[in-house]
Amino acid sequence: MTKLAANLTMLFTERAFLDRFEAAAQAGFRGVEFLFPYAFHADQIADKLNLYQLDLVLHNLPAGNWEAGERGIACHPDRVGEFKEGVDEAIRYARVLGVKQLNCLVGIVPPGVSQESAYNTVVSNLKFAADKLKAEGIRLLIEPINTFDIPGFFLSHTKQAVEIIKATGSDNLFVQYDIYHMQRMEGELVNTIKANLPLIKHVQLADNPGRFEPGTGEINYRYLFAQLNEMGYDGWIGCEYKPKAGTVEGLGWRAAHGV
């Protein structure tokens, strides 16, 4: 059975962030996700989750200065201490919010840093984070991102994510598979998911082009949902898209795609 989670960073933005939980529940979602909780006190978010009986299925580790264009710091050799502090902060939030998996955006390779140095830094940081999160009963995920939207992002293919996971030697590091990003970078969606299903613990969706809701672009989501069910994928699917004409107005895609 398909389980959809509303991404509150992208959906219901007609409302203030803390009001989006109510909107998601009213729209029939039982799970939510978002990029970051850190601008709010953890208890504020926990109260909303409890009030509307929502599961928080995912958020990200701190990712540097987002407003300045940073998209993660796990590949920055000179910011390892900051990365580790961010892991501790994420754990503090996770304990309050009850979230059982966290995503790490590994970041854009800084100027002057070699690919080898970035790779070694990523592997070391992810091993550290995966071990710390395992002690808390929390999975760590990494997400390949398309380099059309974010040029220079270090992790951009599924195969690369799998190789990094193997390099860490961790049994607590997995893949967050974003359909939109991987359609842009590699295609072969069903075959890639099937080949790597044991490592894929979270899926996100949006159509292409435009990153709008399913049914607005080239991806056959009805087929893809059926294939995910047939494979036995039982995790959440995060709805991380830009509503084309308002969140509520665009939610008809769910019934149209049988989910």
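Residues of segment 172-217 that are open to solvent by 40 Å² or more (accessible area, probe 1.4 Å), free of Cβ contacts under 8 Å to residues at least 12 places away in the same chain and either touching a Gly at 6+ places or on another chain (Cβ under 9 Å) or part of a loop (DSSP other than H, G, I, E, B) (or both): 188, 209.
Just to be sure before I move on: is residue 107 within 24 Å of residue 202 (Cα to Cα), under 16 Å from the mean Cα position of the chain (by Cα) and either open to solvent by 10 Å² or more (accessible area, probe 1.4 Å) or not acidic (Asp, Glu) (or both) in the structure I sent?
Working: within 24 Å of residue 202 (Cα to Cα): yes; under 16 Å from the mean Cα position of the chain (by Cα): yes; either open to solvent by 10 Å² or more (accessible area, probe 1.4 Å) or not acidic (Asp, Glu) (or both): yes.
Answer is yes for this residue.
Scanning segment 125-137 for residues that are open to solvent by 10 Å² or more (accessible area, probe 1.4 Å) and not small (Gly, Ala, Ser) gives 127, 128, 131, 132, 134, 136. Would a scan of segment 233-245 turn up a residue that is open to solvent by less than 30 Å² (accessible area, probe 1.4 Å), touching an Asp or Glu at 6+ places or on another chain (Cβ under 9 Å), without any contact (Cβ under 8 Å) to a residue 60 or more places away in the chain and not in a loop (DSSP other than H, G, I, E, B)? Looking through segment 233-245, none of the residues is open to solvent by less than 30 Å² (accessible area, probe 1.4 Å), touching an Asp or Glu at 6+ places or on another chain (Cβ under 9 Å), without any contact (Cβ under 8 Å) to a residue 60 or more places away in the chain and not in a loop (DSSP other than H, G, I, E, B).
Condition check: touching a residue at least 12 places away in the same chain (Cβ under 8 Å), over 19 Å from the mean Cα position of the chain (by Cα), open to solvent by less than 50 Å² (accessible area, probe 1.4 Å) and over 22 Å from residue 21 (Cβ atoms). Does residue 87 satisfy that? No; evaluated as a whole, the condition is false for this residue. Does segment 149-165 include one or more residues that are over 26 Å from residue 67 (Cα atoms), assigned to a loop (DSSP other than H, G, I, E, B) and not basic (Lys, Arg)? No, the conditions are met nowhere in segment 149-165.
Contact map, segment 109-133: residues that are within 10 Å of residue 76 (Cα to Cα) paired with residues that are polar (S, T, N, Q), Cβ distance under 8 Å, separation 6+ or inter-chain. Pairs shown: 109/115.
Taking the options 63, 42, 46, 94, name whichever one is in contact (Cβ under 8 Å) with a residue 12 or more places away in the chain and touching a strand residue (DSSP E or B) at 6+ places or on another chain (Cβ under 7 Å). Quick ask: steps written out before the conclusion?
On the way: 63 fails: touching a strand residue (DSSP E or B) at 6+ places or on another chain (Cβ under 7 Å); 42 fails: touching a strand residue (DSSP E or B) at 6+ places or on another chain (Cβ under 7 Å); 46 fails: touching a strand residue (DSSP E or B) at 6+ places or on another chain (Cβ under 7 Å).
One residue alone meets the criteria, 94.
When you scan segment 16-27, do you find a residue that is among the aromatic types (Phe, Trp, Tyr), buried (at least 22 other Cβ atoms within 10 Å of the Cβ) and touching a strand residue (DSSP E or B) at 6+ places or on another chain (Cβ under 8 Å), even just one? Yes, segment 16-27 contains a residue that is among the aromatic types (Phe, Trp, Tyr), buried (at least 22 other Cβ atoms within 10 Å of the Cβ) and touching a strand residue (DSSP E or B) at 6+ places or on another chain (Cβ under 8 Å). Here residue 116 meets each of (1) part of a helix (DSSP H, G or I); (2) farther than 30 Å from residue 29 by Cα; (3) touching a Phe, Trp or Tyr at 6+ places or on another chain (Cβ under 6 Å) with one exception, condition (3).
The values are calculated or read from the model by the stated rules, or taken from the named source; none is laboratory data. Worth saying up front: this structure is predicted, and the values here are computed from it rather than measured. Note: ideal-geometry Cβ built from the backbone for every residue, glycine included; neighbour counts use all protein chains shown. Note: accessible area is taken over every heavy atom of the protein model, side chains too, but ligands, DNA and RNA are not part of it. Shrake-Rupley method; radii C 1.70, N 1.55, O 1.52, S 1.80 Å.
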